[in-house]
Amino acid sequence: MSAHLLNELTVFVLAVFVGFEVISKVPTTLHTPLMSATNAIHGIVLVGALLVAVVAEPKLGAVLSVVVVFLASLNVFGGYVVTQRMLAMFKPRAAPGASGGVKK
Amino acid sequence: MSAVQPIVPNALAIDVAYLVTGVCFILGLRYLSSPKTARAGNLISMVGMAIALIATAFELDFAQWLPLVFGLGAGAIVGIYSARAVKMTAMPQMVALFNGAGGGAAALVSTAEFLKLDPSTSILTPDQTVTIVLSSIIGAISFCGSIIAFLKLQELMTGRPITYAGQQIVNGLVALAIVVSAGCVIANADSVPAYFIALGGAALLGFLFVLPIGGADMPVVISLLNSFTGLAAALTGFVLGNNVLIIAGALVGASGTLLTLLMSKAMNRSITNVLFGAFGAVKTSAGDAAAATGSGVIREATVDDVATMVGYAKEVIIVPGYGMAVAQAQHSVRELADQLEKKGVEVKYAIHPVAGRMPGHMNVLLAEANVPYTALYDMDDINPEFPRADVALVIGANDVTNPAARNVPSSPIYGMPILDVDKAHNVVVLKRSMKPGFAGIDNPLFYDPKTSLLFGDAKASVSQITTEIQAL
């Protein structure tokens, strides 16, 4: 294993621990937005898609690069918009527009 | 071993930008710890993504931009349109679809990198081959698995487990083929054909492994596929020597894993059992549970009965399940709750962790219907409340309320934590028919003398009850 790979592995392992720590604080009521938010975050693969698409060799073909970028872009934009839409719905008591929202 | 030679000399600045992105992602998830700050969190995460994309743009040569802008634009248009148009009840399949897109992209990125390194003429290092092969395999499994999950959730194919003789053997052979060909790639022997065999095998395995998993187990599967895609993205980061991909992928992998564990714990089943158990495939005879409770008699109620019961109650606990989502009844449910609260009835909602088809599914639906999240209670918080409740109103939930999980050791769901609905003074169950729930297990709750059943479409029933209460 090269020193370079070891460095990357270090970053990975630490990020996993941070991930567990942060995610375990997310309340169950937000689990669906959490899934969709993390969905959007793994859309970061779009960065990778752009990088390889540029250096893609003829064998791979321009079409395939466009497909990769399309998939990743779908993931990023769709993921963020749907998460934002969901989160906008979560309101505490006495939400505006609640017709008979009498508190307990 | 940076895979890409920066065209501009500010590689350091780009790396700093990626670091900022990583921090934004972590903060974004951190802010999800409360519904109050969650939106801000998602915005921070978006800003992080934008920073990473802008930084990446500096690595590109403008001549190469055009086809990419096309892909980017098409993805953005389709993504934003579907994210806006999708119904909240269809959220699980939407999430599955976006997840698959990410997995597929990760697999293809690694494939492109593999071909670029030209393994037919040069010897690749184990660092390169191992990370490339792993990220392609996991990405491909996630892509195809998500597609099957999507088809099942969208009901384009049956939600029941699809099983056949020798299924596990077939899956085992495919897995073996993947391992062997991945080994060849790593050993640099005929790596190009071996690579594509491994990739194709992984795609096939993705299809095959979701086939026998039933709809009720989808919360586990979606979480697992989410963690796969995260892992695939992180591995792509190893391949390209890109830290932001590694950090983001690791965060998503951790999140998916945590949710997978939570979901299987909420069903008291191991992940192996969920993946290979084909739960819900066998139907036990409907008489069993009735025999266990000593009476097979159900009490059917009219809309009037139910309206009177809940209208004059002090406390009502609503227990929603997948049936509420299917009937799109969440808005009617909220109208009913409003009407009850007007009459001075206290209304709470009991949410089982695996109610619905994805983690938190019920919460999102009720939030859509403007139910304040403060009225939604987790299983552990609401269970001590049931003995105090006058009425537990079960809407389209079944297995998560089945007392057999508590007291019938022979039951397939024995040991699963359930909502203690049967401890309420009265139970009203809204059901379409006497059909057993997803697990195919009859529910002794229905034969409990204090349970009344109201048959019919959940949405229609709830609306009728609301109208009746207004007339009380």
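Quick rundown of the values:
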{"quantity": "Of all residues in region B:414-435 being free of Cβ contacts under 8 Å to residues at least 60 places away in the same chain and open to solvent by less than 10 Å² (accessible area, probe 1.4 Å), the one that is farthest from residue B:455 (Cα to Cα)", "calculated": "B:427"}
{"quantity": "Qualifying residue in region B:162-170 (condition: assigned to a helix (DSSP H, G or I), more than 14 Å from chain A (Cβ to nearest Cβ), polar (S, T, N, Q) and in contact with a Leu (Cβ under 6 Å, 6 or more places away or on another chain))", "calculated": "no"}
{"quantity": "Qualifying residue in region B:181-188 (condition: within 22 Å of residue B:221 (Cα to Cα) and not acidic (Asp, Glu))", "calculated": "no"}
{"quantity": "Residue in region B:106-113 that is in a helix (DSSP H, G or I) and open to solvent by 30 Å² or more (accessible area, probe 1.4 Å) present", "calculated": "yes"}
{"quantity": "Of all residues making up region B:54-105, the number that are more than 7 Å from every other protein chain (Cβ to nearest Cβ) and either assigned to a helix (DSSP H, G or I) or of a type in the set (Phe, Trp, Tyr) (or both)", "calculated": "22"}
{"quantity": "Meets criteria (assigned to a helix (DSSP H, G or I) and surrounded by fewer than 23 Cβ atoms within 10 Å (Cβ to Cβ)) for residue B:185", "calculated": "no"}
{"quantity": "Any helices (runs of 4 or more DSSP H) falling wholly within region B:359-434 and containing at least 1 residues that are over 27 Å from the mean Cα position of the chain (by Cα)", "calculated": "B:404-407"}
{"quantity": "Within region B:205-237, tally of residues that are among the acidic types (Asp, Glu) and surrounded by fewer than 24 Cβ atoms within 10 Å (Cβ to Cβ)", "calculated": "0"}
{"quantity": "Test: residue in region B:330-338 that is part of a loop (DSSP other than H, G, I, E, B) and at pLDDT 90 or above", "calculated": "no"}
{"quantity": "Hits in region B:119-128 - residues which are open to solvent by 20 Å² or more (accessible area, probe 1.4 Å) and either assigned to a helix (DSSP H, G or I) or more than 8 Å from chain A (Cβ to nearest Cβ) (or both)", "calculated": "B:120, B:121, B:122, B:123, B:126, B:127, B:128"}
{"quantity": "Test: residue in region B:238-251 that is closer than 20 Å to residue B:152 by Cα, in contact with a helix residue (DSSP H, G or I) (Cβ under 7 Å, 6 or more places away or on another chain), open to solvent by less than 10 Å² (accessible area, probe 1.4 Å) and of a type outside the set (Asp, Glu)", "calculated": "no"}
{"quantity": "Filter result for residue B:68 (open to solvent by less than 10 Å² (accessible area, probe 1.4 Å), out of contact with any Cys (no Cβ under 8 Å at 6 or more places or on another chain) and more than 17 Å from residue B:234 (Cα to Cα))", "calculated": "yes"}
{"quantity": "Every residue from region B:224-233 that is within 7 Å of chain A (Cβ to nearest Cβ), touching a Leu at 6+ places or on another chain (Cβ under 9 Å) and in contact (Cβ under 8 Å) with a residue 40 or more places away in the chain", "calculated": "B:226, B:233"}
{"quantity": "Check on residue B:87, among the basic types (Lys, Arg), over 28 Å from residue A:91 (Cα atoms) and out of contact with any Pro (no Cβ under 9 Å at 6 or more places or on another chain)", "calculated": "no"}
{"quantity": "Evaluation of residue B:376 against (1) at pLDDT below 90; (2) under 25 Å from residue B:343 (Cβ atoms); (3) buried (at least 22 other Cβ atoms within 10 Å of the Cβ) (one fails), failing number", "calculated": "(1)"}
{"quantity": "Qualifying helices (runs of 4 or more DSSP H) (wholly inside region B:190-268; at least 3 residues being within 30 Å of residue B:16 (Cα to Cα), out of contact with any Asp or Glu (no Cβ under 6 Å at 6 or more places or on another chain) and β-branched (Val, Ile, Thr))", "calculated": "B:243-266"}
{"quantity": "Selection within region B:275-329 - among the polar types (S, T, N, Q), modelled with pLDDT of 70 or more and assigned to a helix (DSSP H, G or I)", "calculated": "B:308"}
{"quantity": "Sole exception among (1) closer than 13 Å to residue B:321 by Cα; (2) open to solvent by 20 Å² or more (accessible area, probe 1.4 Å) for residue B:395, by number", "calculated": "(2)"}
{"quantity": "First in region B:129-158 and within 14 Å of chain A (Cβ to nearest Cβ), second anywhere and open to solvent by 10 Å² or more (accessible area, probe 1.4 Å) and of a type in the set (Lys, Arg), Cβ under 9 Å, 6 or more apart", "calculated": "B:153/B:357"}
{"quantity": "Residues that are free of Cβ contacts under 8 Å to residues at least 24 places away in the same chain and in contact with a Leu (Cβ under 9 Å, 6 or more places away or on another chain), drawn from region B:78-93", "calculated": "B:78, B:79, B:82"}
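Yes/no per residue for (1) surrounded by fewer than 23 Cβ atoms within 10 Å (Cβ to Cβ); (2) hydrophobic (A, V, I, L, M, F, W, C); (3) part of a helix (DSSP H, G or I):
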residue	(1), (2), (3)
A:19	no, no, yes
A:37	no, yes, yes
A:41	no, yes, yes
A:46	no, yes, yes
A:63	yes, yes, yes
A:67	yes, yes, yes
A:71	no, yes, yes
A:74	no, yes, yes
A:84	yes, no, yes
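The values are calculated or read from the model by the stated rules, or taken from the named source; none is laboratory data. What you are looking at is a predicted structure, and each value in this text was computed from that prediction instead of being measured. Note that each Cβ is placed from the backbone with ideal geometry, even for glycine, and that neighbours are counted across all protein chains shown. The accessibility values were calculated without ligands, DNA or RNA, using every heavy atom of the protein model including side chains. Shrake-Rupley method; radii C 1.70, N 1.55, O 1.52, S 1.80 Å.
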